[in-house]
Amino acid sequence: MPAAEWITRSSEETVGLGRRLAEQLRPPVLVLLSGELGSGKTTLAKGIISGLGAAREEDVTSPTFTLVHEFHNHAKVYHVDLYRVDNFRDLESLGLEDALAQPAVIVIEWSERFVLRNDWPQLTVHLEHLEGDARRITVSEAAAPA
Ligand SMILES: Nc1ncnc2c1ncn2[C@@H]1O[C@H](COP(=O)(O)OP(=O)(O)O)[C@@H](O)[C@H]1O
Ligand SMILES: [Mg+2]
(Lines give C-alpha, C1' and ligand atoms only; values in the text may rest on other atoms or scores of the structure.)
(Ligands and ions follow the chains in the order given, each with its own letter.)
Protein backbone atom coordinates (compact mmCIF):
# COMPACT_ATOMS: atom_id res chain seq x y z
CA MET A 1 0.00 0.00 0.00
CA PRO A 2 1.47 3.40 -0.93
CA ALA A 3 1.14 6.39 1.39
CA ALA A 4 -2.51 7.08 1.94
CA GLU A 5 -4.49 9.64 3.85
CA TRP A 6 -7.86 9.33 5.54
CA ILE A 7 -10.07 11.79 7.36
CA THR A 8 -12.12 10.22 10.12
CA ARG A 9 -14.95 12.09 11.83
CA SER A 10 -15.54 10.00 14.93
CA SER A 11 -13.63 7.57 17.14
CA GLU A 12 -15.77 4.77 15.65
CA GLU A 13 -14.47 5.63 12.19
CA THR A 14 -10.91 5.56 13.47
CA VAL A 15 -11.48 2.15 15.05
CA GLY A 16 -12.90 1.01 11.71
CA LEU A 17 -9.81 2.22 9.89
CA GLY A 18 -7.65 0.34 12.39
CA ARG A 19 -9.59 -2.84 11.68
CA ARG A 20 -9.00 -2.44 7.95
CA LEU A 21 -5.29 -1.81 8.48
CA ALA A 22 -5.11 -4.95 10.62
CA GLU A 23 -6.18 -7.07 7.65
CA GLN A 24 -2.91 -6.22 5.90
CA LEU A 25 -0.56 -6.83 8.80
CA ARG A 26 1.63 -9.89 8.75
CA PRO A 27 4.28 -10.46 11.40
CA PRO A 28 7.00 -9.33 11.68
CA VAL A 29 5.85 -5.71 11.51
CA LEU A 30 6.19 -2.56 13.58
CA VAL A 31 3.17 -0.28 13.57
CA LEU A 32 4.55 3.15 14.48
CA LEU A 33 1.88 5.58 15.67
CA SER A 34 2.76 9.26 16.06
CA GLY A 35 0.74 12.36 16.81
CA GLU A 36 -0.09 14.59 19.75
CA LEU A 37 -2.07 13.68 22.85
CA GLY A 38 -5.70 12.94 21.99
CA SER A 39 -5.04 12.61 18.27
CA GLY A 40 -6.39 9.05 18.37
CA LYS A 41 -3.41 6.70 18.63
CA THR A 42 -4.98 4.47 21.28
CA THR A 43 -8.30 4.58 19.43
CA LEU A 44 -6.61 3.39 16.25
CA ALA A 45 -4.71 0.75 18.27
CA LYS A 46 -8.08 -0.54 19.54
CA GLY A 47 -9.13 -1.10 15.94
CA ILE A 48 -5.86 -2.70 14.91
CA ILE A 49 -5.55 -5.00 17.90
CA SER A 50 -9.20 -6.05 17.97
CA GLY A 51 -9.05 -6.45 14.18
CA LEU A 52 -6.18 -8.88 14.61
CA GLY A 53 -8.37 -10.83 17.01
CA ALA A 54 -5.81 -10.25 19.77
CA ALA A 55 -8.07 -8.47 22.29
CA ARG A 56 -11.45 -6.87 22.68
CA GLU A 57 -11.59 -3.19 21.81
CA GLU A 58 -12.48 -2.19 25.37
CA ASP A 59 -9.47 -4.06 26.75
CA VAL A 60 -6.97 -2.06 24.69
CA THR A 61 -5.65 0.80 26.86
CA SER A 62 -2.34 2.72 26.81
CA PRO A 63 0.09 0.49 28.66
CA THR A 64 3.79 1.29 28.62
CA PHE A 65 4.49 -2.21 27.40
CA THR A 66 2.27 -5.24 27.18
CA LEU A 67 2.06 -8.57 25.45
CA VAL A 68 -1.58 -8.42 24.33
CA HIS A 69 -1.92 -11.88 22.92
CA GLU A 70 -0.09 -14.93 21.69
CA PHE A 71 -1.84 -16.91 18.99
CA HIS A 72 -1.68 -20.68 18.72
CA ASN A 73 0.82 -20.34 15.88
CA HIS A 74 2.96 -18.40 18.39
CA ALA A 75 2.53 -15.05 16.63
CA LYS A 76 2.47 -12.38 19.32
CA VAL A 77 0.84 -8.97 19.46
CA TYR A 78 2.39 -6.25 21.63
CA HIS A 79 1.11 -2.78 22.47
CA VAL A 80 3.62 -0.18 23.60
CA ASP A 81 3.23 3.47 24.62
CA LEU A 82 6.48 5.44 24.84
CA TYR A 83 4.84 8.57 26.31
CA ARG A 84 6.30 8.02 29.77
CA VAL A 85 9.58 6.53 28.62
CA ASP A 86 12.14 9.28 29.21
CA ASN A 87 15.48 7.87 28.17
CA PHE A 88 17.25 4.99 26.48
CA ARG A 89 17.85 3.19 29.75
CA ASP A 90 14.09 3.10 30.42
CA LEU A 91 13.51 2.06 26.83
CA GLU A 92 15.96 -0.81 27.16
CA SER A 93 14.34 -1.97 30.39
CA LEU A 94 10.96 -2.40 28.67
CA GLY A 95 11.94 -5.67 27.05
CA LEU A 96 11.36 -4.52 23.51
CA GLU A 97 14.49 -6.40 22.48
CA ASP A 98 12.93 -9.67 23.60
CA ALA A 99 9.75 -8.85 21.72
CA LEU A 100 11.83 -8.31 18.60
CA ALA A 101 13.44 -11.73 18.92
CA GLN A 102 10.65 -13.47 17.01
CA PRO A 103 8.08 -12.35 14.43
CA ALA A 104 5.29 -10.33 16.02
CA VAL A 105 3.01 -7.37 15.47
CA ILE A 106 4.24 -4.53 17.69
CA VAL A 107 2.01 -1.45 17.87
CA ILE A 108 3.91 1.52 19.29
CA GLU A 109 2.31 4.81 20.38
CA TRP A 110 4.54 7.92 20.57
CA SER A 111 6.99 6.13 18.30
CA GLU A 112 8.48 9.52 17.34
CA ARG A 113 10.09 9.77 20.78
CA PHE A 114 12.84 7.31 19.85
CA VAL A 115 14.58 6.02 16.76
CA LEU A 116 14.08 2.27 16.95
CA ARG A 117 16.84 0.42 15.17
CA ASN A 118 15.82 -2.89 13.75
CA ASP A 119 15.22 -4.51 10.39
CA TRP A 120 11.47 -5.18 10.52
CA PRO A 121 9.05 -3.79 7.96
CA GLN A 122 7.16 -0.79 9.29
CA LEU A 123 3.73 0.67 8.92
CA THR A 124 3.97 4.30 9.98
CA VAL A 125 0.81 6.17 10.90
CA HIS A 126 0.63 9.86 11.73
CA LEU A 127 -2.52 11.28 13.32
CA GLU A 128 -3.48 14.94 13.42
CA HIS A 129 -6.35 16.89 14.96
CA LEU A 130 -8.48 18.76 12.53
CA GLU A 131 -11.64 20.67 13.42
CA GLY A 132 -13.72 19.07 16.21
CA ASP A 133 -13.80 15.30 16.04
CA ALA A 134 -12.07 15.14 12.66
CA ARG A 135 -8.64 13.56 12.41
CA ARG A 136 -6.25 13.28 9.48
CA ILE A 137 -4.58 9.89 9.47
CA THR A 138 -1.62 9.35 7.13
CA VAL A 139 -0.40 5.82 6.60
CA SER A 140 2.74 4.75 4.83
CA GLU A 141 4.45 1.47 4.50
CA ALA A 142 8.19 1.11 4.63
CA ALA A 143 10.40 -1.83 3.96
CA ALA A 144 12.96 -2.61 6.57
CA PRO A 145 15.21 0.40 7.14
CA ALA A 146 18.79 -0.08 5.96
N1 LIG B 1 -12.04 10.93 14.65
C2 LIG B 1 -11.57 10.54 15.86
N3 LIG B 1 -10.59 9.59 15.92
C4 LIG B 1 -10.09 9.20 17.10
N5 LIG B 1 -10.48 9.69 18.29
C6 LIG B 1 -11.44 10.64 18.29
C7 LIG B 1 -12.02 11.08 17.09
N8 LIG B 1 -12.95 12.03 17.38
C9 LIG B 1 -12.94 12.15 18.72
N10 LIG B 1 -12.04 11.32 19.28
C11 LIG B 1 -11.75 11.24 20.71
O12 LIG B 1 -10.43 11.72 20.89
C13 LIG B 1 -9.78 10.97 21.92
C14 LIG B 1 -8.57 10.26 21.34
O15 LIG B 1 -7.89 9.68 22.42
P16 LIG B 1 -6.77 8.59 22.26
O17 LIG B 1 -7.12 7.64 21.19
O18 LIG B 1 -6.50 8.06 23.63
O19 LIG B 1 -5.56 9.50 21.75
P20 LIG B 1 -3.99 9.32 21.94
O21 LIG B 1 -3.71 7.86 22.22
O22 LIG B 1 -3.41 9.80 20.64
O23 LIG B 1 -3.60 10.23 23.08
C24 LIG B 1 -10.80 9.98 22.46
O25 LIG B 1 -11.45 10.57 23.55
C26 LIG B 1 -11.77 9.84 21.28
O27 LIG B 1 -13.07 9.47 21.67
MG1 LIG C 1 -2.65 6.82 23.75
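So how much slack lies between F88 and S62, counting 0.36 nm per residue of separation and subtracting their Cα-Cα distance, in nm?
Working: separation 26, 0.36 × 26 = 9.36 nm, distance 1.97 nm.
Full extension of this stretch gives 7.4 nm more.
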Within the range 11-49, name every residue whose backbone N is under 17 Å away from a label modeled 7 Å from Cα of R113 along the Cβ vector.
31-43, 45
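At 1.4 Å probe size, with the rest of the protein present, what percent of the exposed accessible area of the chain is carbon and sulfur atoms? Kindly include the intermediate steps, with their values, before the conclusion.
Values: 3830 of 7880 Å².
Roughly 49 percent of what the probe reaches on the chain is carbon or sulfur.
Please label the shape of the range 1-40 as rounded, prolate or oblate, based on the square roots a ≥ b ≥ c of the eigenvalues of the alpha-carbon gyration tensor (a/c under 1.5 means rounded; beyond that, a/b larger than b/c means prolate, else oblate). Before the final figure, lay out the partial values.
Details: a/c = 1.77, a/b = 1.43, b/c = 1.24.
Verdict is prolate for the range 1-40.
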Hey, how many Å between the Cα centroid of the range 1-57 and the Cα centroid of the range 94-136?
11 Å
Rounded to the nearest 10 degrees, the helix 11-22 long axis (Cα) sits at an angle to the longest Cα principal axis of the chain of 40 degrees
Which value, in Å² rounded to 10, gives the accessible area of T66 with a 1.4 Å probe and all protein chains present?
50 Å²
How would you classify the range 40-123 from its alpha-carbon gyration tensor, with a ≥ b ≥ c the square roots of the eigenvalues: rounded for a/c under 1.5, else prolate if a/b is greater than b/c, otherwise oblate?
oblate
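How much accessible area per residue does the chain have, counting only protein heavy atoms and a probe of 1.4 Å, in square angstrom? Could the numbers behind the result be given before it?
Values: 7880 Å² over 146 residues.
Roughly 54 Å² per residue, with all protein chains present.
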Segment S11-L37, extension gain: residue separation times 0.36 nm, minus the distance between their alpha carbons:
7.9 nm
To the nearest 10 degrees, how steep is helix 41-51 against the longest Cα principal axis of the chain, on a 0 to 90 scale?
70 degrees
Rounded accessible area of S62 (nearest 10 Å², 1.4 Å probe)
50 Å²
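DSSP beta bridges in the range 1-136, what fraction antiparallel, as a percent rounded to 5? Can you show the working numbers first?
Numbers: 9 of 25 bridges.
That works out to approximately 35 percent antiparallel.
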Over 5 Å intervals from 0, what percent of Cα-Cα pairs in the range 78-146 sits in each interval?
3, 13, 23, 25, 17, 10, 5, 3, 0
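Going by a ≥ b ≥ c, the root eigenvalues of the Cα gyration tensor, does the chain fall in the rounded group (a/c under 1.5), the prolate group (a/b larger than b/c) or the oblate group?
Working: a/c = 1.45, a/b = 1.30, b/c = 1.12.
In terms of gyration-tensor shape, rounded.
The values are calculated or read from the model by the stated rules, or taken from the named source; none is laboratory data. Predicted, not measured: the structure shown is a model, and the values here were computed from it. As a convention, Cβ positions derive from the backbone with ideal geometry for all residues, glycine included, and neighbour counts pool all protein chains shown. Heads up: the accessible areas ignore ligands, DNA and RNA and are worked out on the full protein's heavy atoms, side chains in. Shrake-Rupley method; radii C 1.70, N 1.55, O 1.52, S 1.80 Å.
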